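The values are calculated or read from the model by the stated rules, or taken from the named source; none is laboratory data. In this text, all values refer to a predicted model and were calculated from it rather than measured experimentally. With ideal geometry, Cβ positions are generated from the backbone for all residues, glycine too; neighbour counts draw on all protein chains shown. When the accessible area is computed, the model is the full protein with side chains, heavy atoms only, and any ligands, DNA or RNA have been set aside. Shrake-Rupley method; radii C 1.70, N 1.55, O 1.52, S 1.80 Å.
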Amino acid sequence: MKSKRTGWKLLTILVLSYAVIIAVSVALGWDKFIVLDPKGPVAEVQQKLIILTGLICMAVVIPVIVLMVYIVWKYRDTPDNDAPYQPEWNDSKLLETIWWGIPILIIIVLSIFTARDTYKLAKPPVTDSNPITIQVTSLDWKWLFQYPDQKIATVNYVQIPAGVPIRFQLTSDAPMNSFWIPQLGGQEYSMPGMAMQLWLQADKPGKYFGSGANFSGRDFAHMQFEVESKPQAEFNEWVKEVKASSPELTKEGYTQLAKPSTAKQEFFSSYPDELYTEIVDKNGGIYMKHSDGLNSGSYNGSTRP
């Protein structure tokens, strides 16, 4: 009878612990954590994976903490404590099965869902809309964005059409960094001599925070950029405006831009042909393989296609 009462007490503590964690999370507001406030299909998939992982972790962490508190209290060293002290140091098949079986089961479950979502996100988020490509170069300490289809370039600002898949091609002409727009999806590395790929999409017009997520020197904290999603017609008008009112980015201008310094938002009506591939090639020239141009993105260490 006593063991049943103890079991019910543990179950009650466990349920109350879950309730407190959920209540605190709701009270703080999910939307205050931009990682948990997705604004596109890629971020939505990753949010579900984060929540699943968190719940599984709580299923392990909370019982362990509750048991630790219970054991410390029950076997505390006081004169009136009559708890039996009968340690058994022999092999226990039951306990071995529990503390090896549960972690293995957790790893299997997380591996299945992670592998499924990883392959899913290596493709365009939607297939009924033509994607656009934006080539991204991380510099000391700024971001250069080139639009190969529109032939314009920007610094620390990127505008995208809402509801359209965006294929970001990433490289670095400085120490490696990590390109991250939390509300649109997870981060991807930008590395010298390598052209990486990341699919993202914003479902609706809005402004989003973008940042470098890797320490890269003195002014790495200034490697932030603004992402603005606009309807397709407004995006087209913005491209025309940049072409009509902004200066060219010359090779000499890029050389100056690439020097270590911080920068404000800049816009360029054009840039030298093959600038992106020249940046990748001069540092190593390794590209991700895209067998059909769009629908694959696995890295195979191939040279320039």
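Total residues in segment 31-64 satisfying the condition of being farther than 14 Å from Thr114 by Cβ, among the aliphatic types (A, V, I, L, M), touching a residue at least 40 places away in the same chain (Cβ under 8 Å) and out of contact with any strand residue (DSSP E or B) (no Cβ under 8 Å at 6 or more places or on another chain): the figure is 4. Among what's in segment 214-260 and is open to solvent by less than 50 Å² (accessible area, probe 1.4 Å) and either β-branched (Val, Ile, Thr) or on the phi > 0 side of the Ramachandran plot (or both), pick the residue that is modelled with the lowest pLDDT. That would be Gly217.
Going residue by residue through segment 113-121, is there one that turns out to be in contact (Cβ under 8 Å) with a residue 60 or more places away in the chain and aliphatic (A, V, I, L, M)?
Just the residues of segment 113-121 that are in contact (Cβ under 8 Å) with a residue 60 or more places away in the chain, to begin with: 113-114, 117, 120-121.
Add one more test, that the residue is aliphatic (A, V, I, L, M), and what stays is 121.
Yes, because at least one residue in segment 113-121 is in contact (Cβ under 8 Å) with a residue 60 or more places away in the chain and aliphatic (A, V, I, L, M).
Kindly establish whether Leu95 is aliphatic (A, V, I, L, M), more than 19 Å from Ile51 (Cα to Cα) and either assigned to a helix (DSSP H, G or I) or touching a Cys at 6+ places or on another chain (Cβ under 6 Å) (or both). Even if it seems obvious, please write down each step before you answer.
Numbers: aliphatic (A, V, I, L, M): yes; more than 19 Å from Ile51 (Cα to Cα): yes; either assigned to a helix (DSSP H, G or I) or touching a Cys at 6+ places or on another chain (Cβ under 6 Å) (or both): yes.
Taking the combined requirement at face value, the residue satisfies it.
Report yes if Met176 is in contact with a strand residue (DSSP E or B) (Cβ under 7 Å, 6 or more places away or on another chain), open to solvent by 60 Å² or more (accessible area, probe 1.4 Å), over 30 Å from Val60 (Cβ atoms) and not charged (D, E, K, R), otherwise no.
Working: in contact with a strand residue (DSSP E or B) (Cβ under 7 Å, 6 or more places away or on another chain): yes; open to solvent by 60 Å² or more (accessible area, probe 1.4 Å): yes; over 30 Å from Val60 (Cβ atoms): yes; not charged (D, E, K, R): yes.
The answer is yes for Met176.
The condition of being surrounded by 11 or more Cβ atoms within 10 Å (Cβ to Cβ) and part of a loop (DSSP other than H, G, I, E, B) does not hold for Pro87.
Is at least one residue of segment 109-119 in contact with a strand residue (DSSP E or B) (Cβ under 8 Å, 6 or more places away or on another chain) and of a type in the set (A, V, I, L, M, F, W, C)? So that I can check it myself, show each step before the final result.
First pass over segment 109-119, keeping only residues in contact with a strand residue (DSSP E or B) (Cβ under 8 Å, 6 or more places away or on another chain): none.
Looking for residues that are in contact with a strand residue (DSSP E or B) (Cβ under 8 Å, 6 or more places away or on another chain) and of a type in the set (A, V, I, L, M, F, W, C), one finds none in segment 109-119, hence no.
Test Asp149 against the criterion of being part of a loop (DSSP other than H, G, I, E, B), open to solvent by 70 Å² or more (accessible area, probe 1.4 Å), touching a residue at least 12 places away in the same chain (Cβ under 8 Å) and under 29 Å from Lys240 (Cα atoms), and give yes or no.
On the way: part of a loop (DSSP other than H, G, I, E, B): yes; open to solvent by 70 Å² or more (accessible area, probe 1.4 Å): yes; touching a residue at least 12 places away in the same chain (Cβ under 8 Å): yes; under 29 Å from Lys240 (Cα atoms): yes.
When the stated conditions are applied, Asp149 passes them.
Out of all the residues in segment 114-133, which are out of contact with any helix residue (DSSP H, G or I) (no Cβ under 7 Å at 6 or more places or on another chain) and part of a helix (DSSP H, G or I)? Those that are out of contact with any helix residue (DSSP H, G or I) (no Cβ under 7 Å at 6 or more places or on another chain) and part of a helix (DSSP H, G or I): Ala115, Arg116, Thr118, Tyr119. Ser111 meets each of the listed conditions (1) within 30 Å of Ile166 (Cα to Cα); (2) open to solvent by 90 Å² or more (accessible area, probe 1.4 Å); (3) out of contact with any helix residue (DSSP H, G or I) (no Cβ under 8 Å at 6 or more places or on another chain) apart from (2). Among the residues making up segment 41-70, those that are touching a helix residue (DSSP H, G or I) at 6+ places or on another chain (Cβ under 6 Å) and more than 29 Å from Asp203 (Cβ to Cβ) are Ile62, Val66. Annotation: of all residues in segment 190-213 being without any contact (Cβ under 8 Å) to a residue 40 or more places away in the chain and within 17 Å of Asn156 (Cα to Cα), the one that is surrounded by the fewest Cβ atoms within 10 Å (Cβ to Cβ) is Lys207.
Restricting attention to segment 169-209, the residues being under 17 Å from the mean Cα position of the chain (by Cα) and farther than 26 Å from Asp281 by Cβ number 10.
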